[in-house]
Structures are given as structure tokens and as C-alpha cells.
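Undergrad: Sharing a structure here in C-alpha cells format.
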Amino acid sequence: MNGNIAISGSKNAALPLLAAALLADEPMTLNNVPRLQDIYAFNNVLRVVGAQVQFQDIENRVIIDPSNVNYLEAPYDLVRKMRASFYMLGALVGKHGYAKVSMPGGCAWGPRPVDLHLKGMEAMGITITLDKGYVIAKAGSSVPGGRYRLEPSSVGATINLLLAAVLRAESFTIGNAAKEPDVVQLCNVLNKMGANISGVGSDTLSIKKAQKLSGGTFENDPDRIEAGTFMIAAAMLPESSLRLIGCNAQHLGNFPQLLRQTGAKVNVEGEVISVQAPEILQPVSITTEIYPGFPTDLQAQWATMLSQANGNSTVTDTVYFDRFSYVPELSRLGANIKLKHNTAYIQGPTLLEGASVMSTDLRASVSLVLAGMAAKNTSEILRVYHLDRGYESLEDKLNAIGAKLTRAQE
Ligand code: UD1
């Protein structure tokens, strides 16, 4: 595979900014928003509550006018499609003092998956009640705030607590806050809108109440997970040389350094990351961690690459223990991977052969595409709608560098 790929705007960074638009008194313009199903789904949630949302082709620009928001609910039908819709809880209660939002997937309030979001809001002084699968959040004109420590550190909970606190809490501190670039971007944009958040980029975020937030025009970050996925593709597919345009290498944490350990040549020049495949791919074991450690959103792609490495290695996920549904599918293509608890043991190299496989989630689906590109013969990947949730124009980008992907109509 040879050539250039333009990196799209980040899905996970855009979603909290779209939610933050509800906090403003004026419209927000957001450039570099990827055209993805998850973004369309979130825009529909914004429309349901009364915001006007336009997605323009120019600069992939989304304009959100929150001035007519009058329905403070996010129904199950929309929230079940995407967990990030739960950001509506923080955004609506933060701006309007009331929100009724479906639990994602209709889960009970157990230790997972949104307990930290809810306990953090309660610690702030917001009243949380559960009613028939919905969370109802109520706050007066202000809540006292206080301090809440996230255990474990959570990207989603940090974002929801920020959204709830900036206009509503007198003074609130989030301990063990997520430091992921998506959170940093949200804090920076909120501060430009008039919020008072200090400690941005650290694991302690302190918020002092702002009276109002203004709108404005903001630039979304590039997608670090998309960039990392193509970097892995370049390293695993023999003789490849790819230039990824429009990246922010700093957002990749330790990842480029780890990729170099495979023997791949990785060069960063401004916004361009170049990766050349090594002659012999070395096995490099990884363990996922919170930022700047190895991202859980890249472990499936990394394990796929390791199936082509010259030796044995492991992939351990400490963020999501059960994020290995891709393993049986890769095995169908001929990979030699055994799973024990939250570690995949990979023996490489194996010759992959085309087969029919099933996408189970977003990152699993792109891993199967990478495996299919490495495999002899043709592979058929089913349920590729997962890809459209998170990879903009994937076939076009990969076909332009020499892949042969076609989308069959289902
Ligand atoms: C976000 C990303 C996702 C990424 C993940 C970790 C979005 C839309 N999604 O998901 O792609 O894989 O960060 O980088 O940005 N947890 C709890 N209770 C909670 C919340 C989380 O126990 O209330 C646990 C989770 O089960 C998990 C860990 O905390 O084990 C981290 O999850 P979290 O950072 O919240 O992930 P998301 O924000 O859902």
C-alpha cells in the first residue's frame, strides 16, 4: 500500500463539543466534523430537544443553534443507538437545570456503565432519580459543587461532569479526571466560550461557575484513532509506505514509539506522519492504559498486526476487559490467537486466508478489514455498518492507496 491519506476530524472529540453547543446562548460553528453515523445520530438527538443543526459540506462544518431548546429529554430510541448520547444529561441539566435521559442500553444502575456519571452529579448537588429506564436530573439555579474522584478514570464521566458543572456548580473538582485529548479539547473550547476550568490536561480539573457561555467558531481535532489505525496498516502490510496528512502526533501518546519497536519507520513532520513497513515485523506486546498509554481503541488493530509478526506476543486490555470479540473472527481467517481473561496470546506469523467474517463492533470491524487486506484471496466482512459509525470514507481512502475493497449492497 502506497500513498497519502487525509485524516478526518475526530469522532470522539466532536461528540462532546456538539453537546457543549447546548450550553451556549448563541450558535456554535464546528469545523472538521467527520461525516459518520455516530455524528448524524447525535445531531438527531440535538434536534429532538429543539436545537437547529446544519451539516454543511464546506469544511465539514456543523452549525448548532441552541436558542430554541425546549424539550429536555433524550429518549431511549436515540440513546440506545449510541452511548455518547448520554452526554445530553450533563448538557441539559447544566444549561436548563433539568434533564431526562434514557440509560444507555436500558441498563440498571449497577457498578457499570454510567454509575460514575451519576454519582459525580450527585456529589455536585444535582438530584438524580431513576424512573423506568430513565435518569432524571434536577438542579436549582445553582448547586454547591464539591469534589468527586473518578475510580476508574473515565472519559465519558469526566465529560458529563464538565458539561453539568460549568454553568451550574459554584465550585467543583474532578479528581482522577480523564486526560485524553478529547477531554482537553472540550475544556479548551468551554474556556473559550467563557467557562472557568483550571488544571486542563492534568488529572485534577477545577471548575468555577460561569454566568453564561457564548457561541463561536471552533476547529475539531484530527482523529487519533483513525491515524493510529492507518499507521498499523502501513506497518503490517509488507512493503507499504503511507503518509498520513493532517495528524496531531502528540495526541497519539506513546503509540508512535511502540510502533517503531516493530521495526516500522515512523516519522513525524508537523502534521504529517509517515510510516514504512519493516522488512521483518517484530512482535511487540502491549497493555492498554488510559492516556498517554496505549489506547483501548487501537488494541484490536494491533492484535491483527501481531498475527503477522515474527514471533509470539500478547495484547492485554485493562480498560475494557472483554473487548476481544474480534478474536474468533480473526481465527476464522487463520490467525493463531488464544484468549485468556483479558489477554490475547498471539503466535505469528500466520498466513491469513480469505473467509466470511462478522463485524461485532467498530474497532473489530476495521481490524477485519486490515486482516482481509493481508489475507490471500477475497474476504467477505458482514455487518460493516459498524465501520460507518467511526471511519469516514474508509473504502475510498484505502482503495486510493492500493487496496481492493468493494461494498456489496445488503
Ligand atoms: C470513551 C470512548 C471509547 C474509548 C473509551 C476509553 C467515546 C464516545 N468513547 O468511552 O471509544 O474506548 O473512552 O478510552 O469517546 N466506567 C465505569 N463507570 C462509569 C463509566 C466508566 O465503571 O460510570 C468504566 C468503564 O466500564 C471502563 C472504564 O471506566 O472500564 C473507562 O471507560 P470510559 O473512559 O468511561 O469510556 P467511555 O467514555 O464510555
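Undergrad: Here are some residues: ALA164, ALA137, ALA123, ALA169. Which one is closer than 26 Å to ASP77 by Cβ and either in contact (Cβ under 8 Å) with a residue 60 or more places away in the chain or in contact with a Gly (Cβ under 6 Å, 6 or more places away or on another chain) (or both)? Write out each step before concluding.
TA: Details: ALA137 fails: either in contact (Cβ under 8 Å) with a residue 60 or more places away in the chain or in contact with a Gly (Cβ under 6 Å, 6 or more places away or on another chain) (or both); ALA123 fails: closer than 26 Å to ASP77 by Cβ; ALA169 fails: closer than 26 Å to ASP77 by Cβ.
Going through ALA164, ALA137, ALA123, ALA169 in turn, the sole match is ALA164.
Undergrad: Can I ask one more? Out of curiosity, is VAL319 touching a helix residue (DSSP H, G or I) at 6+ places or on another chain (Cβ under 6 Å), β-branched (Val, Ile, Thr), buried (at least 17 other Cβ atoms within 10 Å of the Cβ) and closer than 20 Å to MET1 by Cα?
TA: Numbers: touching a helix residue (DSSP H, G or I) at 6+ places or on another chain (Cβ under 6 Å): yes; β-branched (Val, Ile, Thr): yes; buried (at least 17 other Cβ atoms within 10 Å of the Cβ): yes; closer than 20 Å to MET1 by Cα: no.
Here the answer is no, as VAL319 does not meet what is asked.
Undergrad: Out of SER141, SER153, which single residue is more than 17 Å from ALA19 (Cβ to Cβ) and under 19 Å from the mean Cα position of the chain (by Cα)? Write out each step before concluding.
TA: On the way: SER141 fails: under 19 Å from the mean Cα position of the chain (by Cα).
The match here is SER153.
Undergrad: Considering only residues that are of a type outside the set (D, E, K, R) and either touching a Pro at 6+ places or on another chain (Cβ under 9 Å) or closer than 16 Å to ASP297 by Cα (or both), which ones fall in region 373-392? Spell out how you get there, then give the answer.
TA: The initial filter retains those residues of region 373-392 that are of a type outside the set (D, E, K, R), namely 373-375, 377-379, 381-382, 384-387, 390-391.
Residues satisfying the conditions are ALA374, HIS386, LEU387, GLY390, TYR391.
Undergrad: Further question: Can you tell which of LYS132, LYS119 is within 9 Å of the ligand (Cβ to nearest atom) and farther than 30 Å from GLU226 by Cα?
TA: Working: LYS132 fails: within 9 Å of the ligand (Cβ to nearest atom).
Answer to the check: LYS119.
Undergrad: Among the residues of region 66-92, write down those that are under 19 Å from VAL183 (Cα atoms) and part of a helix (DSSP H, G or I).
TA: So the first thing to find is which residues in region 66-92 are under 19 Å from VAL183 (Cα atoms), and the list is 82-92.
Within region 66-92, ARG83, ALA84, SER85, PHE86, TYR87, MET88, LEU89, GLY90, ALA91, LEU92 qualify.
Undergrad: Provide a single number: the residues in region 205-226 that are within 20 Å of SER393 (Cα to Cα) and in contact with a helix residue (DSSP H, G or I) (Cβ under 7 Å, 6 or more places away or on another chain).
TA: 5
Undergrad: OK, next. In region 341-361, which residue that is outside any loop (DSSP other than H, G, I, E, B) and over 26 Å from the mean Cα position of the chain (by Cα) is farthest from the ligand (Cβ to nearest atom)? Show your work before the answer.
TA: Kept after step one, since they are outside any loop (DSSP other than H, G, I, E, B), are these residues of region 341-361: 343-347, 353, 356-358.
Now narrow it down to the ones that are over 26 Å from the mean Cα position of the chain (by Cα): 347, 353, 356.
Working: GLN347: 26, GLU353: 30, SER356: 27 Å.
Per the stated criteria, the residue is GLU353.
Undergrad: Taking ALA41, is it surrounded by 16 or more Cβ atoms within 10 Å (Cβ to Cβ), more than 22 Å from ILE225 (Cα to Cα), assigned by TED's automatic domain parsing to the domain that holds GLY194 and more than 11 Å from the ligand (Cβ to nearest atom)? If you could, list the steps in order and put the result at the bottom.
TA: Details: surrounded by 16 or more Cβ atoms within 10 Å (Cβ to Cβ): yes; more than 22 Å from ILE225 (Cα to Cα): no; assigned by TED's automatic domain parsing to the domain that holds GLY194: yes; more than 11 Å from the ligand (Cβ to nearest atom): yes.
In short, no.
Undergrad: Take SER85 and tell me if it is over 16 Å from PHE218 (Cβ atoms), buried (at least 17 other Cβ atoms within 10 Å of the Cβ) and touching a strand residue (DSSP E or B) at 6+ places or on another chain (Cβ under 8 Å). Working first, answer last.
TA: Details: over 16 Å from PHE218 (Cβ atoms): yes; buried (at least 17 other Cβ atoms within 10 Å of the Cβ): yes; touching a strand residue (DSSP E or B) at 6+ places or on another chain (Cβ under 8 Å): yes.
Yes: the conditions hold for SER85.
Undergrad: Please specify each residue of region 96-133 satisfying the condition of being at pLDDT 95 or above and either under 20 Å from LYS81 (Cβ atoms) or surrounded by 22 or more Cβ atoms within 10 Å (Cβ to Cβ) (or both).
TA: Matches in region 96-133: ALA99, LYS100, VAL101, LEU116, HIS117, GLY120, MET121, MET124, ILE126.
Undergrad: Which residues, taken from region 375-396, are touching a residue at least 60 places away in the same chain (Cβ under 8 Å) and crowded, with 22+ Cβ neighbours inside 10 Å?
TA: At the first step, the residues of region 375-396 found to be touching a residue at least 60 places away in the same chain (Cβ under 8 Å) are 385, 388-393.
Within region 375-396, GLY390, TYR391 meet the criteria.
Undergrad: Turning to a different aspect of this structure: Could you say whether any residue in region 135-150 is under 29 Å from THR318 (Cβ atoms), outside any strand (DSSP E or B) and at pLDDT 95 or above?
TA: Checked region 135-150: at least one residue is under 29 Å from THR318 (Cβ atoms), outside any strand (DSSP E or B) and at pLDDT 95 or above.
Undergrad: Is it the case that ILE286 is without any contact (Cβ under 8 Å) to a residue 40 or more places away in the chain, within 21 Å of the chain's Cα centre (by Cα), closer than 21 Å to LEU252 by Cα and not assigned by TED's automatic domain parsing to the domain that holds ASN176?
TA: Here the answer is yes, as ILE286 does meet what is asked.
Undergrad: Sticking with this structure for a sec: Give me the residue from region 286-298 that is among the polar types (S, T, N, Q) and out of contact with any helix residue (DSSP H, G or I) (no Cβ under 8 Å at 6 or more places or on another chain) and, out of that set, farthest from ASP361 (Cα to Cα). Write out each step before concluding.
TA: Going residue by residue through region 286-298, those that are among the polar types (S, T, N, Q) are 287-288, 296.
Adding the requirement that they be out of contact with any helix residue (DSSP H, G or I) (no Cβ under 8 Å at 6 or more places or on another chain) leaves 287, 296.
On the way: THR287: 20, THR296: 13 Å.
Result: THR287.
Undergrad: With respect to THR314, is the statement that it is farther than 24 Å from HIS386 by Cα, in contact with a Gly (Cβ under 6 Å, 6 or more places away or on another chain), more than 16 Å from the ligand (Cβ to nearest atom) and not aromatic (Phe, Trp, Tyr) true? Step through it out loud before you land on a result.
TA: Working: farther than 24 Å from HIS386 by Cα: yes; in contact with a Gly (Cβ under 6 Å, 6 or more places away or on another chain): no; more than 16 Å from the ligand (Cβ to nearest atom): yes; not aromatic (Phe, Trp, Tyr): yes.
No: the conditions fail for THR314.
The values are calculated or read from the model by the stated rules, or taken from the named source; none is laboratory data. A quick note: this is a predicted structure, and the numbers were derived from the prediction, not measured. Positions of Cβ are generated from backbone atoms using ideal geometry, with glycine treated the same way; all protein chains shown enter the neighbour counts.
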